[in-house]
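Notes follow once the structure below has been shown.
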Amino acid sequence: MKGLIIKDLMSLRKMRATFVFVTVSSFVITVMALISARCGNIALAEREYLAGGTDLQMSPVHMLWYAVAVMVILPLATIGDTLTLAFEADKNSGFEAVAGALPLSVKQRVTARFITLFLTCGTGTVISLALSFILSLFTDIMTLGDFAGLVLSAASLILIFSALEMILIFLLKMNNADSVRIIALLIMTAVFIISASGRIIDAMRAMKTTELITDGLIFLENRWFILACAAAVCLLISYFVSTGVAERKRGEI
């Protein structure tokens, strides 16, 4: 099983390079923006806004808060396709044809893939938390707790997304990675719209969609543990369903 995990990690080298590039780029851009908010153009724009000398509808610092939130989440978003990329790598290399000959059970092969997911997502989360600590030193727009909340919420959403992908791959025998991604994303979007339909309708009627986005970011910053619990439940369900279906269908992984 250790060999399968190493194989998966090696096949995800392209994703690792993308993660490093996006992480470094986001960090540099965010630091430059935060420095500007302290002693640069953004700071000047904020003073003009507070003095009433601008037609901006929103405070420049508030807009920066939105941008920083996106930049913090962006690096982790690059590892959201860990599972589908691993399956695609097996398909392209022809590994699927020989997987059944390995002296490992289907359950062990499914377990190895989940471990790969935890390793990639866990590593990305630790790196993002370390960068969050550094970013918190440059600004008072967000505290370290806010940065960490966003990172942990993003990691939880990625795990929920991956849990849905795993079930789709085994339960529906979906070989097209794009279809798996789209359907998993549509399911998550539908659940969000249904659960927050009341607030969405109220915000649209009041023409205050920015308040809805603000409330959403505050939720991600401070209620990450709710998403973490949801991710744990989804992963458990996904593991048992995927293992059961794969063993019954003698699926190859």
On the given criteria, is MET207 at pLDDT below 80, over 23 Å from the mean Cα position of the chain (by Cα) and not in a helix (DSSP H, G or I)?
yes
Taking region 1-39 on its own, how many of its residues are surrounded by fewer than 14 Cβ atoms within 10 Å (Cβ to Cβ), of a type in the set (Gly, Ala, Ser) and modelled with pLDDT under 85?
2
Restricting attention to region 85-119, report how many residues are of a type in the set (D, E, K, R) and modelled with pLDDT of 85 or more.
1
In region 66-84, the residues that are in contact with a Lys or Arg (Cβ under 8 Å, 6 or more places away or on another chain) and assigned to a helix (DSSP H, G or I):
LEU83, THR84
Output yes when any residue across region 131-147 is modelled with pLDDT of 90 or more, small (Gly, Ala, Ser) and either surrounded by 15 or more Cβ atoms within 10 Å (Cβ to Cβ) or touching a His at 6+ places or on another chain (Cβ under 8 Å) (or both), and no when none is.
no
Quick check: is even one residue across region 139-152 more than 22 Å from ALA37 (Cβ to Cβ) and touching a helix residue (DSSP H, G or I) at 6+ places or on another chain (Cβ under 7 Å)?
yes
Residue ID - farthest from TYR66 (Cα to Cα), chosen from residues in region 121-153 that are out of contact with any Phe, Trp or Tyr (no Cβ under 9 Å at 6 or more places or on another chain) and small (Gly, Ala, Ser):
GLY122
So if I check each of ILE182, ILE226, ILE187, which one is surrounded by 15 or more Cβ atoms within 10 Å (Cβ to Cβ), more than 21 Å from ARG109 (Cβ to Cβ) and modelled with pLDDT of 80 or more?
ILE187
Six or more apart or on different chains, Cβ under 8 Å: which pairs go from a residue in region 9-27 that's farther than 20 Å from VAL70 by Cα to one that's surrounded by 13 or more Cβ atoms within 10 Å (Cβ to Cβ) and among the small types (Gly, Ala, Ser)? Could you list them?
SER11/ALA86; SER11/ALA89; LEU12/ALA86; LEU12/ALA89
Hits in region 101-142 - residues which are of a type in the set (S, T, N, Q) and outside any helix (DSSP H, G or I)
SER105, THR139
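The values are calculated or read from the model by the stated rules, or taken from the named source; none is laboratory data. The shown structure was predicted, so the numbers you read here are calculated from the model rather than taken from an experiment. Ideal geometry is used to build each Cβ from the backbone, glycine not excepted, and the neighbour counts take in all protein chains shown.
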